[in-house]
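Asks: Starting off with a structure, shown below.
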Amino acid sequence: MAAVAFERIAKRFGPTVVADDLTLRIADGEFFVLLGPSGCGKSTLLHLLAGIEPADRGVMRIGGVDVSAVPPQQRDVAMVFQSYALYPHLDVFENLAFPLRNRGLSGRALRAEVERMAGTLGLGALLAKRPRDLSGGQRQRVALGRALIRRPAAFLMDEPLSNLDAALRLEIREEIKRVHQTHRITTLYVTHDQEEAMALADRIAVLRGGSIAQCDAPEALYARPADTFVARFVGTPPMNLLPAALLAPPEAAAARLQGRDPASVTLGLRPQDLEARDAGAAGALEARVLLLEPAGGFTWLVADLAGTRVKARRADGARLAPGDTTRLAFAAGSVHLFDAASGRRLER
Amino acid sequence: MIRRLGTWLGLAAACAWSLAPFAWQVLTSVKPQAELESLPPLLPSTITLVHYEAVFAGHPFAHLLLNSFAVAACATALALALGSLAGFALAKLRPPGRAATLAAVVVLSMLPPVATVSPLFLLAGAAGLRDTLTGLALVYAGFALPLAVWLMAQFFRSVPDDLYIAARVDGCSLLGAFGKVMLPLAVPGLTATGLLVFVFCWNEFLFALTLTSSTAARTVPVGIALFPGIHEVPWGEIAAASVVATAPLVLLAAVFQRRVLDGLTAGAVKG
Amino acid sequence: MSARRLRPDAWALMAPALLVLAAVTALPTGYVVWLSLNERALFRAEDFVGLGHYLRLAGDARFWNALGNTLYFAAVSVALELALGLAIALLLARAGRARAFAYGAVLVPWAVPTVVSARIWEWIYNPELGVLGYLAGTPVNWLGDPVLALHAAIAMDVWKSTPFVALLLLAGLQGVPRDLLRAAAVDGAGAWTTFRRITLPMLAPVILVAAVFRTIDALRVFDAVYVLTGGGPANATETLSIYAYRVLFQMLDFGYGSALAVAMLAIAGIAALAYARLLRGGME
């Protein structure tokens, strides 16, 4: 177990900037999630740390030691992949044993280790099977076991849940969390799924174009997004962004524009915080209903608010229909303010 | 229904056209000498093996077969070893300049052999490798390498990158990952490449003709091309020798049909 | 660029292959150019003659004859191989249960060593005892007539090389998505329209690759024709490779022979560059 650090890392593939002067410090035992849109080079950061790809510039440390010149096999990290990456020519036993054999373990000691790990992950009955005979969930358990079995200094996970169907995804997600709570191995987890990130992370770094848009605890990321990119990326449905000039004076006061020019401010309102009321209610924004999306206990509605599409919530959608007029109300404390030009968060 | 019949007739014609010339040679090889000196009869009245006996008894044909086998096997082993290492590096390590390297490899594979036969003749002489199996095997390996590198790069490309990364992270050195994970997964590609290279070496004629001068290193194609005839051409013996020289390849192609097809079409279609 | 980005590990793995390639193909290619600039007959010292051999080449009727033979041989045989290959590929694609046998049968000419195939056809073409004359009903001196001989050589090459084209095109055919063909059928296209409007355009890249592959091979043809006819009668089947070989190893004129070899290199180079251009798109 060890702390992990990226210090001023730069890496580009042709025109694609993977990392541009990127610095990250991950504490010993921390579950750290790299969150970003697909194709932004998140996986490459893991490859850099694992030593598969050389960085163009910068230093990487594992346990305080500069590993930039250390070959992958000596970096003591383990990896879990979206594709599982089980060795198809080896059975489950040999897949689990592979990292141990590379360390010179053999015979009875090896067998004991493999069987113990198989027991913890419920793979005892599968040891003689080939990966192609396993289900997706079983494969990812084997992959977890193969990564865990030698107690690496750090765990690198590259979208490990993306190939699983919805039910299995939750199951393996819990398994990953359980493994982390038990072993407290420093984990670097890459995903494009913000919900997954929120559920698992101690801290999340949101990546955009090779640099960090924001790095914070999940609650802080949700409560105080640093800019409109993070605001839209974290939380489902994404946050509504509106020009502040839409607000009439009383709401403007409520939104605490505090004398700022409304034209220079973008307003952020999470759909969860925007409540659709019946027409005629006072002190709210008037909007026209476009679509209704029942969500079980309540209904999402998409509405047109002076030319901007917004999403709002309604406790009971039954009495609304597309084309109706509704009023959208929000609590003063739920408003996020961003600079309209730079997209950066304003105040506090 | 008529369409189905047309397909079958067409297929039958294609198979007949492909098989007939070689089948005729097989028939020739078992015809008694007297029946070779006139036509008809098309079919032999009795099957005789005298031509086969003559090939092996009267000529050093067995020695040539051994030479051919040794040269082809050594050249194939060498080309596979070097080609799979290079193909792996090109496909999985992605060094800068790999596109140019691959393009150069392709261009080299298109060199007409006759263009380099004179310098190789002189170089082999200078190196003392003329009329040796070693010299021939080296030349064959070199000429087969572009194909081997190209095919192996294609096959390694189809092994997921994640498996290479997993092997490295799980504690394998570069060569360890190559030997323990990549190579076992590339066995079908290795087989296909090996078959094509072996067939190339077994069939090669120009270098075998120019770089060898005696039975010591002469191979089967040269033996068949220069088949001695004092007064008249010994067609029966030539046919017998042809069948013996071809049988191993037809057998290999039949047993490893899938792999041969993979090898012939890899790169051209997928690539 | 830093050393780390150059991937020394990758180049180390490629080094042995590149060294052998350099020794056996690249180095001799340079050497042959040098040889072509020198007079180097046997038992005589080297003598630099510059472009002298190339001037001689320009006025050498036998060279132009060989070039003409080579180009004619390549053009006709490749065209026939593509047409026949496409037909066989379409048949093989519908072979159904007979597939394994049909593939095996078609592979036989490919597996027959070139020298053997020359000997097989030489026997078939035999003026008195050949089965072809027998089937024609009258003895024909196929290999003795200048016009017939070149076409006899082409027929042999077509027999030997069509399987490769057919199998390549078959792989291409199998890459045409079935949904596309179904969609065409649903849209009311007949078999011929579907073939012309969908199958053929989808197959075009593979046809191109097969054409270039075969052209390059046909341009350097040596053993097949050399063993079949020896270049005769009266040089009617003498290709560039055969002419170069004869000058080099029968007249032992390494200087002029090397100039002929360089001329072949130039022709192959043009074809190879065209090919490398075609492939570049696919590799990246």
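The values are calculated or read from the model by the stated rules, or taken from the named source; none is laboratory data. Predicted model, so just to flag it, every value in this text is computed and none were measured. So basically every Cβ, Gly included, is an ideal-geometry build from the backbone, and we count neighbours across all protein chains shown.
Asks: If only one of B:VAL106, B:VAL149, B:VAL114, B:VAL139 is at the interface with chain C (Cβ under 9 Å from one of its Cβ atoms), surrounded by fewer than 24 Cβ atoms within 10 Å (Cβ to Cβ) and touching a residue at least 24 places away in the same chain (Cβ under 8 Å), which one is it? Break it down stepwise before answering.
Replies: Working: B:VAL149 fails: surrounded by fewer than 24 Cβ atoms within 10 Å (Cβ to Cβ); B:VAL114 fails: surrounded by fewer than 24 Cβ atoms within 10 Å (Cβ to Cβ); B:VAL139 fails: surrounded by fewer than 24 Cβ atoms within 10 Å (Cβ to Cβ).
Result: B:VAL106 is the single residue among B:VAL106, B:VAL149, B:VAL114, B:VAL139 that is at the interface with chain C (Cβ under 9 Å from one of its Cβ atoms), surrounded by fewer than 24 Cβ atoms within 10 Å (Cβ to Cβ) and touching a residue at least 24 places away in the same chain (Cβ under 8 Å).
Asks: Examine the stretch B:239-247 for a residue that is surrounded by fewer than 20 Cβ atoms within 10 Å (Cβ to Cβ) and free of Cβ contacts under 8 Å to residues at least 60 places away in the same chain, and state whether such a residue exists.
Replies: Checking the stretch B:239-247: at least one residue is surrounded by fewer than 20 Cβ atoms within 10 Å (Cβ to Cβ) and free of Cβ contacts under 8 Å to residues at least 60 places away in the same chain.
Asks: Considering only residues that are within 16 Å of A:PRO238 (Cα to Cα), among the aliphatic types (A, V, I, L, M) and surrounded by fewer than 13 Cβ atoms within 10 Å (Cβ to Cβ), which ones fall in the stretch A:292-327?
Replies: Correct list: A:ALA295 only.
Asks: Also, I was wondering about something else. Can you spot a residue in the stretch A:169-185 that is within 14 Å of the chain's Cα centre (by Cα), assigned to a loop (DSSP other than H, G, I, E, B) and either not small (Gly, Ala, Ser) or not assigned by TED's automatic domain parsing to the domain that holds A:LEU144 (or both)?
Replies: For the stretch A:169-185, residues within 14 Å of the chain's Cα centre (by Cα), assigned to a loop (DSSP other than H, G, I, E, B) and either not small (Gly, Ala, Ser) or not assigned by TED's automatic domain parsing to the domain that holds A:LEU144 (or both): absent.
Asks: Any residue at all in the stretch A:183-199 that is touching a Leu at 6+ places or on another chain (Cβ under 8 Å), farther than 21 Å from A:ARG61 by Cβ and among the small types (Gly, Ala, Ser)?
Replies: The answer is yes, given that some residue of the stretch A:183-199 is touching a Leu at 6+ places or on another chain (Cβ under 8 Å), farther than 21 Å from A:ARG61 by Cβ and among the small types (Gly, Ala, Ser).
Asks: Of all residues in the stretch C:135-155 being under 29 Å from B:VAL220 (Cβ atoms) and assigned to a helix (DSSP H, G or I), which is nearest to the other protein chains (Cβ to nearest Cβ)?
Replies: Narrowing the stretch C:135-155 to residues under 29 Å from B:VAL220 (Cβ atoms): C:142-144, C:149-155.
Keeping just the survivors that are assigned to a helix (DSSP H, G or I) gives C:149-155.
On the way: C:ALA149: 17, C:LEU150: 19, C:HIS151: 16, C:ALA152: 13, C:ALA153: 14, C:ILE154: 15, C:ALA155: 10 Å.
Here the answer is C:ALA155.
Asks: Only one of these is within 14 Å of another protein chain (Cβ to nearest Cβ), in contact (Cβ under 8 Å) with a residue 60 or more places away in the chain and of a type in the set (Gly, Ala, Ser): A:ALA78, A:ALA97. Name it.
Replies: The match here is A:ALA78.
Asks: Continuing with the same structure: If a residue must be more than 8 Å from chain C (Cβ to nearest Cβ), without any contact (Cβ under 8 Å) to a residue 40 or more places away in the chain and aliphatic (A, V, I, L, M), how many such residues does the stretch B:117-128 contain?
Replies: Result for the stretch B:117-128: 2.
Asks: Could you tell me how many of the residues in the stretch C:156-182 are of a type in the set (Gly, Ala, Ser), within 10 Å of chain B (Cβ to nearest Cβ) and within 23 Å of the chain's Cα centre (by Cα)?
Replies: First, pick out the residues of the stretch C:156-182 that are of a type in the set (Gly, Ala, Ser): C:161, C:166, C:171-172, C:175.
Next, from what is left, pick out any that are within 10 Å of chain B (Cβ to nearest Cβ): C:166, C:171-172, C:175.
Remaining after also requiring within 23 Å of the chain's Cα centre (by Cα): C:166, C:171-172.
Matching residues across the stretch C:156-182 total 3.
Asks: Scanning for something hydrophobic (A, V, I, L, M, F, W, C), in contact with a helix residue (DSSP H, G or I) (Cβ under 9 Å, 6 or more places away or on another chain) and not in a helix (DSSP H, G or I), does the stretch C:52-72 turn up at least one residue?
Replies: Checked the stretch C:52-72: no residue is hydrophobic (A, V, I, L, M, F, W, C), in contact with a helix residue (DSSP H, G or I) (Cβ under 9 Å, 6 or more places away or on another chain) and not in a helix (DSSP H, G or I).
Asks: Considering only residues that are of a type outside the set (A, V, I, L, M) and assigned to a helix (DSSP H, G or I), look in the stretch A:301-348 and name the one that is nearest to A:ALA226 (Cα to Cα). Write out each step before concluding.
Replies: Step one: filter the stretch A:301-348 for residues of a type outside the set (A, V, I, L, M), giving A:304, A:307-309, A:311, A:313-314, A:316-317, A:319, A:322-327, A:330, A:333-334, A:336, A:338-339, A:342-345, A:347-348.
Among the residues that remain, those that are also assigned to a helix (DSSP H, G or I) are: A:333-334.
On the way: A:GLY333: 17, A:SER334: 15 Å.
By that ranking, first place goes to A:SER334.
Asks: Taking strands (runs of 3 or more DSSP E) that do not extend beyond the stretch A:48-161, which have at least 1 residues that are in contact with a His (Cβ under 7 Å, 6 or more places away or on another chain)? Quick ask: steps written out before the conclusion?
Replies: On the way: elements: A:57-62, A:77-81, A:154-158.
In the stretch A:48-161, no matching strands (runs of 3 or more DSSP E) lie anywhere.
Asks: May I pose another question? I'd like the residue in the stretch C:101-133 that is more than 7 Å from chain B (Cβ to nearest Cβ) and without any contact (Cβ under 8 Å) to a residue 12 or more places away in the chain and, out of all such residues, is surrounded by the fewest Cβ atoms within 10 Å (Cβ to Cβ).
Replies: C:GLU128
Asks: Restrict the check to the stretch B:156-168 and report whether at least one residue is part of a helix (DSSP H, G or I) and more than 10 Å from every other protein chain (Cβ to nearest Cβ). Break it down stepwise before answering.
Replies: Taking the stretch B:156-168 and keeping what is part of a helix (DSSP H, G or I), we get B:156-157, B:161-168.
If we keep only those that are more than 10 Å from every other protein chain (Cβ to nearest Cβ) as well, we get B:156.
Yes: one or more hits.
Asks: Further, regarding this structure: Of everything in the stretch A:186-209 that's β-branched (Val, Ile, Thr) and under 21 Å from A:LEU148 (Cα atoms), which residue is nearest to the chain's Cα centre (by Cα)?
Replies: Taking the stretch A:186-209 first, the residues β-branched (Val, Ile, Thr) are A:186-187, A:190-191, A:204, A:206.
Filter once more, so that each one left must be under 21 Å from A:LEU148 (Cα atoms): A:186-187, A:190-191.
On the way: A:THR186: 16, A:THR187: 13, A:VAL190: 7, A:THR191: 5 Å.
Among residues in the stretch A:186-209 that are β-branched (Val, Ile, Thr) and under 21 Å from A:LEU148 (Cα atoms), the one nearest to the chain's Cα centre (by Cα) is A:THR191.
Asks: Quick one: which helices (runs of 4 or more DSSP H) sit completely within the stretch C:191-284 and have at least 3 residues that are more than 10 Å from every other protein chain (Cβ to nearest Cβ) and more than 30 Å from C:LEU55 (Cα to Cα)? Don't jump to the end; show me each part of the working.
Replies: Working: elements: C:191-194, C:200-219, C:223-229, C:240-249, C:254-283.
In the stretch C:191-284, C:191-194, C:200-219 are the helices (runs of 4 or more DSSP H) which contain 3 or more residues that are more than 10 Å from every other protein chain (Cβ to nearest Cβ) and more than 30 Å from C:LEU55 (Cα to Cα).
Asks: Then there's this: Condition test on B:ALA23, is it at the interface with chain C (Cβ under 7 Å from one of its Cβ atoms), closer than 22 Å to C:LYS160 by Cβ and aliphatic (A, V, I, L, M)? Please lay out each step first, then the result.
Replies: On the way: at the interface with chain C (Cβ under 7 Å from one of its Cβ atoms): no; closer than 22 Å to C:LYS160 by Cβ: yes; aliphatic (A, V, I, L, M): yes.
Against the criterion (at the interface with chain C (Cβ under 7 Å from one of its Cβ atoms), closer than 22 Å to C:LYS160 by Cβ and aliphatic (A, V, I, L, M)), B:ALA23 does not qualify.
Asks: Let me ask another. Do we find a residue being surrounded by fewer than 15 Cβ atoms within 10 Å (Cβ to Cβ), out of contact with any helix residue (DSSP H, G or I) (no Cβ under 7 Å at 6 or more places or on another chain) and more than 28 Å from B:ALA16 (Cβ to Cβ) anywhere in the stretch C:205-214?
Replies: no
Asks: Regarding B:LEU78, is this residue more than 24 Å from C:TYR31 (Cα to Cα) and more than 11 Å from every other protein chain (Cβ to nearest Cβ)? Give the derivation first.
Replies: Numbers: more than 24 Å from C:TYR31 (Cα to Cα): yes; more than 11 Å from every other protein chain (Cβ to nearest Cβ): no.
Taking the combined requirement at face value, the residue does not satisfy it.
Asks: Can you name the residue in the stretch B:87-103 that is more than 8 Å from every other protein chain (Cβ to nearest Cβ) and closer than 19 Å to B:LEU190 by Cα and, of all such residues, is surrounded by the most Cβ atoms within 10 Å (Cβ to Cβ)?
Replies: B:GLY87
Asks: Of the residues that make up the stretch C:5-28, is at least one more than 30 Å from B:ARG3 (Cβ to Cβ), among the acidic types (Asp, Glu) and not in a loop (DSSP other than H, G, I, E, B)? Full working, then the answer.
Replies: Quick first cut of the stretch C:5-28, residues more than 30 Å from B:ARG3 (Cβ to Cβ) only: C:5-28.
When the remaining residues are screened for being among the acidic types (Asp, Glu), the result is C:9.
From what is left, the residues that are not in a loop (DSSP other than H, G, I, E, B) are C:9.
Scanning the stretch C:5-28, I find at least one residue that is more than 30 Å from B:ARG3 (Cβ to Cβ), among the acidic types (Asp, Glu) and not in a loop (DSSP other than H, G, I, E, B), so the answer is yes.
Asks: Also, I was wondering about something else. Pick from the stretch B:31-55 the residues that are in a helix (DSSP H, G or I) and without any contact (Cβ under 8 Å) to a residue 60 or more places away in the chain: which of them is farthest from the other protein chains (Cβ to nearest Cβ)? Steps first, answer last, please.
Replies: Within the stretch B:31-55, the subset in a helix (DSSP H, G or I) is B:33-36, B:50-55.
Right, trim to without any contact (Cβ under 8 Å) to a residue 60 or more places away in the chain and you get B:34-35, B:53.
Working: B:ALA34: 12, B:GLU35: 10, B:GLU53: 19 Å.
Filtering first and then ranking leaves B:GLU53.
Asks: Still on this model: Looking only at the stretch C:37-51, decide whether some residue is in contact with a helix residue (DSSP H, G or I) (Cβ under 7 Å, 6 or more places away or on another chain), without any contact (Cβ under 8 Å) to a residue 40 or more places away in the chain and small (Gly, Ala, Ser).
Replies: Within the stretch C:37-51, not a single residue is in contact with a helix residue (DSSP H, G or I) (Cβ under 7 Å, 6 or more places away or on another chain), without any contact (Cβ under 8 Å) to a residue 40 or more places away in the chain and small (Gly, Ala, Ser).
Asks: I've got another one for you. Farther than 30 Å from B:PRO95 by Cα, surrounded by fewer than 22 Cβ atoms within 10 Å (Cβ to Cβ), of a type in the set (Ser, Thr, Tyr) and touching a residue at least 24 places away in the same chain (Cβ under 8 Å): which single residue out of C:THR194, C:THR237, C:THR229, C:THR199 fits that description? It would help to see each step written out before you state the result.
Replies: Values: C:THR194 fails: touching a residue at least 24 places away in the same chain (Cβ under 8 Å); C:THR237 fails: surrounded by fewer than 22 Cβ atoms within 10 Å (Cβ to Cβ); C:THR229 fails: surrounded by fewer than 22 Cβ atoms within 10 Å (Cβ to Cβ).
Of the residues listed, the single one that is farther than 30 Å from B:PRO95 by Cα, surrounded by fewer than 22 Cβ atoms within 10 Å (Cβ to Cβ), of a type in the set (Ser, Thr, Tyr) and touching a residue at least 24 places away in the same chain (Cβ under 8 Å) is C:THR199.
Asks: Only one of these conditions is not met by B:ALA177: (1) more than 8 Å from every other protein chain (Cβ to nearest Cβ); (2) surrounded by fewer than 19 Cβ atoms within 10 Å (Cβ to Cβ); (3) over 17 Å from the mean Cα position of the chain (by Cα). Which number is it?
Replies: (2)
Asks: Can you tell me how many residues within the stretch C:84-99 are facing chain B (nearest Cβ under 7 Å) and part of a helix (DSSP H, G or I)? Lay out the reasoning, then the answer.
Replies: Looking only at the stretch C:84-99, we keep the residues that are facing chain B (nearest Cβ under 7 Å), and these are C:88, C:91, C:94-95, C:98.
Within this subset, residues satisfying the condition of being part of a helix (DSSP H, G or I) are C:88, C:91, C:98.
Matching residues across the stretch C:84-99 total 3.
Asks: Then there is this: Does C:ALA22 satisfy the criteria of being closer than 30 Å to B:LEU120 by Cα, of a type outside the set (Ser, Thr, Tyr) and surrounded by fewer than 17 Cβ atoms within 10 Å (Cβ to Cβ)?
Replies: On the way: closer than 30 Å to B:LEU120 by Cα: yes; of a type outside the set (Ser, Thr, Tyr): yes; surrounded by fewer than 17 Cβ atoms within 10 Å (Cβ to Cβ): yes.
Yes: the conditions hold for C:ALA22.
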